[in-house]
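The values are calculated or read from the model by the stated rules, or taken from the named source; none is laboratory data. A quick note: this is a predicted structure, and the numbers were derived from the prediction, not measured. Backbone-built Cβ (ideal geometry, glycine too); neighbour counts: all protein chains shown.
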Amino acid sequence: MAKITKLDDIVSLCKRRGFIFQSSEIYGGLASCYDYGPLGVELKNNVKKAWWKTVVQMRDDVVGLDCSILMHPMVWKASGHADKFADLIVECKKCNTRTRVDHLKDHCEEHTAHIAIDSALASAPELSNKVCPNCGSVGNFTEPMPFQLMFETQMGANVDDAMTMYLRPETAQGIFANFRNVLDTTRVKIPFGIAQIGKSFRNEVTTKAFIFRTREFEQAELEFFCEPGTDEEWFEHWKKCRFEWYIGLGLKKENLRFRQHDADELAHYAKSCADVEYKFPFGSGDWQELEGIANRTDYDLRQHQRGIRTMTKWYENNRDMTKIELTDEPQDYQSGPLSYFDIEKKKRYVPYVIEPSAGIDRSALAFLVDAYDEEEVRGEKRNLLRFHHALAPIKVGVFPLVKRDGMPEIARNIYEDMKKHFNCFYDEKGAIGRRYRRQDEAGTPFCITVDGQTLEDKTVTVRKRDSMEQVRVTTDSLKSFLYDKLEV
């Protein structure tokens, strides 16, 4: 199996086959924004469907949610995003390129420095040996400065009553804000989780490598609430579950690893954090985060309890959050509005939270990279995507061998029947070999061909993508044959 050493092959295939396009391409494109084409949207939907099935539908202790992108500004004040959600950046004095400090590489080393924003703001990091990624200049940077990552917008028809709002930078806070609603309207009890898939927005300074890091992206997040003292056990549980999910959908184990965060790079709310990393083909191959699993303790629920108590100040200050300080937390915070009463143990507490947070876009990219293959078949290069069947955008291609002798009519009837059960594609243009190659590039697991023998015994050729093996299957048993193979 061929090894991919550069991203260009993936980008080219995505454009050629309609997986992913540059956003607003007819106007020159918009940096770090992408549109998913006909095949890409099916792939992305299948990734989301696989995540939702595993994390929500197959478990008894997780429920789902779909929160609004626009939320009350106090959500972001209470969460800390309004004050702390910033990247530390520097500007190259030679070429004026701005870069995140934690993305600068040493002149003589390959590793990237990880610098926590709070500590970096307190004491400037050593930049004398850092290299500008644009012009190669060494140590020629301005003093580090914070860069706000949230996109601002306005809500309201008139200037006088307009309210400054934010496009959410993460989906997690909508879950915390609805914690009490879920408790009051369902039969969940601790330990339990609330899951959500949705769009988030960050005004990134440094975008990277196709759809790996973009300004508009989709997240799949789970907030799993548990009793304090059981949090480390659940942290390990979700690490194992999430790692196995990627392997189960076809990612090669040698391309995956865990990286435990060091104490100096933990977010201010985290007790511990580990990343599931994938070896992406950036340059010679870089390990990059696919998903983070964090122990957020009880930080978020406690902060929103403080936010609730602060609402009066928000109105008194004409909704100007820059003039608001959160109300001090009372000593009895364990009995606040976002606490949980355990009936069996007869005690009340603010739950701890374990958060697996995955990027749908970068997951789709990892599945594309891992599935991509090139091989030589009878003197010709064959490009194909060896997707797991659950992720393949098209499950079945249906072809007549030639456009005569009633073959198109039979093939069309099979297609109309099969598309009730699977995402199918009908094609009667060009040589059969070319049609197979087109479906190989799309990652289609099976192709059905109606040929001369079909007219005699009502069997069709079913070709398998990975092995190119062909078997005869009766038209009456096609549906059960495909259900068995596709596991849908």
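When D118 is tested against (1) modelled with pLDDT of 80 or more; (2) surrounded by fewer than 16 Cβ atoms within 10 Å (Cβ to Cβ); (3) under 30 Å from P351 (Cα atoms), exactly one condition is not met: (1).
Report those strands (runs of 3 or more DSSP E) wholly inside segment 372-414 carrying at least 2 residues which are under 21 Å from Y483 (Cα atoms), out of contact with any Leu (no Cβ under 7 Å at 6 or more places or on another chain) and modelled with pLDDT of 95 or more.
Details: elements: 372-377, 380-385, 396-400.
Answer list for segment 372-414: 396-400.
Which residues, taken from segment 130-174, are in a loop (DSSP other than H, G, I, E, B) and among the β-branched types (V, I, T)? Result: T142, V159, T171.
Is it true that R213 is under 17 Å from S357 (Cβ atoms) and free of Cβ contacts under 8 Å to residues at least 60 places away in the same chain?
Details: under 17 Å from S357 (Cβ atoms): yes; free of Cβ contacts under 8 Å to residues at least 60 places away in the same chain: no.
Considered against the rule, which asks whether it is under 17 Å from S357 (Cβ atoms) and free of Cβ contacts under 8 Å to residues at least 60 places away in the same chain, R213 comes out as no.
Among the residues of segment 155-175, are any among the β-branched types (V, I, T), at pLDDT 85 or above and assigned by TED's automatic domain parsing to the domain that holds T97? Taking every residue of segment 155-175 in turn, none turns out to be among the β-branched types (V, I, T), at pLDDT 85 or above and assigned by TED's automatic domain parsing to the domain that holds T97.
Contact map, segment 416-443: first residue acidic (D, E), second residue surrounded by fewer than 15 Cβ atoms within 10 Å (Cβ to Cβ), Cβ cut-off under 6 Å, separation 6 or more or different chains; pairs are E428/K403.
Put simply, of I211, I175 the only residue that is over 21 Å from W52 (Cα atoms) and not small (G, A, S) is I211. Considering segment 249-366, there are no qualifying strands (runs of 3 or more DSSP E) wholly inside with 3 or more residues that are free of Cβ contacts under 8 Å to residues at least 12 places away in the same chain.
Criterion first (hydroxyl-bearing (S, T, Y), crowded, with 21+ Cβ neighbours inside 10 Å, in contact with an Asp or Glu (Cβ under 9 Å, 6 or more places away or on another chain) and in contact (Cβ under 8 Å) with a residue 60 or more places away in the chain) does T164 satisfy it?
Values: hydroxyl-bearing (S, T, Y): yes; crowded, with 21+ Cβ neighbours inside 10 Å: no; in contact with an Asp or Glu (Cβ under 9 Å, 6 or more places away or on another chain): yes; in contact (Cβ under 8 Å) with a residue 60 or more places away in the chain: yes.
The answer is no for T164.
Only one of the listed residues (H304, H237) is more than 20 Å from the chain's Cα centre (by Cα) and closer than 28 Å to K44 by Cα. That residue is H237. For F141, all conditions in the list (1) touching a Phe, Trp or Tyr at 6+ places or on another chain (Cβ under 9 Å); (2) not assigned by TED's automatic domain parsing to the domain that holds I293 hold save one; what is the number of the exception? The single condition F141 does not satisfy is (1). When segment 311-325 is filtered for residues that are out of contact with any helix residue (DSSP H, G or I) (no Cβ under 7 Å at 6 or more places or on another chain) and β-branched (V, I, T), the ones remaining, listed by number, are T312, T322.
Rundown of residues vs (1) assigned to a strand (DSSP E or B); (2) touching a strand residue (DSSP E or B) at 6+ places or on another chain (Cβ under 6 Å); (3) farther than 23 Å from F367 by Cα; (4) among the charged types (D, E, K, R), yes/no style:
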| position | (1), (2), (3), (4) |
| --- | --- |
| D417 | no, no, yes, yes |
| F425 | yes, yes, no, no |
| G430 | no, no, yes, no |
| G433 | no, no, yes, no |
| R438 | no, no, no, yes |
| E441 | no, yes, no, yes |
| I448 | yes, yes, yes, no |
| S467 | no, no, no, no |
| V471 | yes, yes, yes, no |
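Looking at segment 268-280, which of its residues are surrounded by fewer than 22 Cβ atoms within 10 Å (Cβ to Cβ) and not small (G, A, S)? If the condition is that a residue be surrounded by fewer than 22 Cβ atoms within 10 Å (Cβ to Cβ) and not small (G, A, S), then H268, Y269, K271, C273, D275, E277, K279 are the ones that fit.
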